[in-house]
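The values are calculated or read from the model by the stated rules, or taken from the named source; none is laboratory data. None of the values given here were measured: they were computed from a predicted structure. Quick reminder, even Gly has a Cβ in these numbers, built from the backbone with ideal geometry, and neighbours come from all protein chains shown. What goes into the accessible areas is simple: the full protein's heavy atoms, side chains included, and nothing from ligands, DNA or RNA. Shrake-Rupley method; radii C 1.70, N 1.55, O 1.52, S 1.80 Å.
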Amino acid sequence: MSKFTFNMPDVGEGVAEAEIVEWQVKVGDRIEEDQHIVDVMTDKATIDIESPVTGTVTEVAGEAGDIVAVGAMLLVVEVEGEDAPEEAVQESTPEAVKPAPEAPAEPAPTPEPEPAPALVKEVTNPEPASGGAAAEPVSEAKVLATPAVRKRARDLGIDLGEVKPAADGRIRHADLDAFLSYNAGGGFAPAGTPRADEPIKVIGLRKRIAQNMAASKRHIPHFSYVEEVDVTELERMRADLNANRGNKPKLTMLPLLISAFCKLIPDYPMINARYDDEANVVTRHGAIHLGMAAQTDSGLMVPVIKDAQSKNIWQLAREIGRLAEAARTGSATSAELSGSTLTVTSLGPLGGVATTPVINRPEVAIIGPNRIIERPMYVTGPDGTERIEKRKLMNISISCDHRVVDGYDAASFIQDVKKLVETPVLLLTE
């Protein structure tokens, strides 16, 4: 009988110590070679460590939470046999862990000695035999590699048994790099390529946008409300109108929705307002000067449809097209980019399921139509029976300044928009 002192292995990457997380064995336990004995945590990862020998545990380094330095005693095992090793042998470099010395040959013929197992347990994988001969599957725990190399291989989904090791039989990071370079088509290639950092000075329109958005979020207590609206009939009416439009501009969904908003604003004047928080004055505007958020190469711009309440759907469509083009080309005038009393923001097909737009200060509300999607819905027929039918649905979002607009009023406004949109013939009446 002899005692084997197993020191804390060098797990690589400059780690000098590790914290004991949980012991899997205790003093007096009989353990086997390759058995999981303890979990330790470095500043980089949690690592499972296993025993390199078979025997009985006689001493452990400490309790959970204790720190053990690399090279310090981790546990002591009483090992049977006179030839049992007296200490764990480790390289000082983090690239590998040396195998324990091979046992001397017995008088009787014996198989060729295998390298001692690595000290960190991993999954089982086959390793090709030297000289090209077929080999029996072996545990990856018997592939010589540091925990850092094993973790990297595991993260990449690489079987260490498929990696050609260096001349000394150990697999290092350089060997993984060589494997990756020859197997880029096997799914091991990185998702992208490294790029240099690119500092960009925030100036001009982008700086103005940043200042306005920061001021809006800093000064305005936002709340948002979202409602689902069935736009099947509205889309059907839009298609009919476009089919018979003559020389009029093609209708999108936006002028129809703006028309709905304008019809309802007189009943909800607090939605079409501006708040001067320095003078502590809220102005409820009679005219609806509708800001229309438009994405340009320079950033977000908000051209304004002046007196939107006085325009029909064809006039709104023409003005939307004209202002959007002016914003994109940079030809919009200062007057066309200022004076809004309410803003609509729409990302069109990219609109998402729901949005929580930021209010265009000093306005007190912003409305965000979202993407139209098709879903099966229960529909009640004229005879009162229900059937399942494919319907076009859209979520309409509204963000409001809670100092001016109450949640009940915002919800009531959107609910009335829903009723109007779902009975679209009302949009064409006085």
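Count, please, the residues in the stretch 297-353 that happen to be among the acidic types (Asp, Glu), within 24 Å of residue 245 (Cβ to Cβ) and in contact with a helix residue (DSSP H, G or I) (Cβ under 9 Å, 6 or more places away or on another chain).
Matching residues across the stretch 297-353 total 1.
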*How many residues does the stretch 324-358 contain that are surrounded by 21 or more Cβ atoms within 10 Å (Cβ to Cβ), within 36 Å of the chain's Cα centre (by Cα) and among the aliphatic types (A, V, I, L, M)?*
3
*asked:* Against the condition farther than 19 Å from residue 147 by Cα, open to solvent by 60 Å² or more (accessible area, probe 1.4 Å) and in a strand (DSSP E or B), how does residue 63 come out, does it pass?
replied: no
*Would you be able to say whether some residue in the stretch 276-290 is under 35 Å from the mean Cα position of the chain (by Cα) and under 30 Å from residue 211 (Cα atoms)?*
yes
*Enumerate the pairs (first residue in the stretch 289-317 and charged (D, E, K, R); second residue anywhere and in a helix (DSSP H, G or I) and open to solvent by 10 Å² or more (accessible area, probe 1.4 Å)) with beta-carbon separation below 7 Å, excluding pairs fewer than 6 apart on the same chain, so at least 6 apart or on different chains.*
311/319
*Considering every residue within the stretch 409-424, establish whether at least one is in contact with a Gly (Cβ under 9 Å, 6 or more places away or on another chain) and modelled with pLDDT of 95 or more.*
no
*Go through 372, 396 for me and flag whichever is surrounded by 13 or more Cβ atoms within 10 Å (Cβ to Cβ), within 20 Å of residue 260 (Cβ to Cβ) and touching a Lys or Arg at 6+ places or on another chain (Cβ under 6 Å).*
372
*Answer yes or no as to whether residue 206 is in contact with a helix residue (DSSP H, G or I) (Cβ under 7 Å, 6 or more places away or on another chain), open to solvent by 50 Å² or more (accessible area, probe 1.4 Å) and touching a residue at least 12 places away in the same chain (Cβ under 8 Å).*
no
*Collect the residues in the stretch 356-369 that are touching a residue at least 60 places away in the same chain (Cβ under 8 Å) and more than 20 Å from residue 219 (Cα to Cα), keeping them in residue-number order.*
369
_Qualifying positions in the stretch 241-289 - surrounded by 14 or more Cβ atoms within 10 Å (Cβ to Cβ), over 21 Å from residue 407 (Cα atoms) and of a type in the set (D, E, K, R)_ = 248
*Kindly indicate which of 153, 174 is out of contact with any Lys or Arg (no Cβ under 8 Å at 6 or more places or on another chain), without any contact (Cβ under 8 Å) to a residue 24 or more places away in the chain, outside any loop (DSSP other than H, G, I, E, B) and open to solvent by less than 30 Å² (accessible area, probe 1.4 Å).*
153
*Of the numbered conditions (1) open to solvent by less than 50 Å² (accessible area, probe 1.4 Å); (2) modelled with pLDDT under 90; (3) β-branched (Val, Ile, Thr), residue 56 satisfies every one except a single condition; which is it?*
(2)
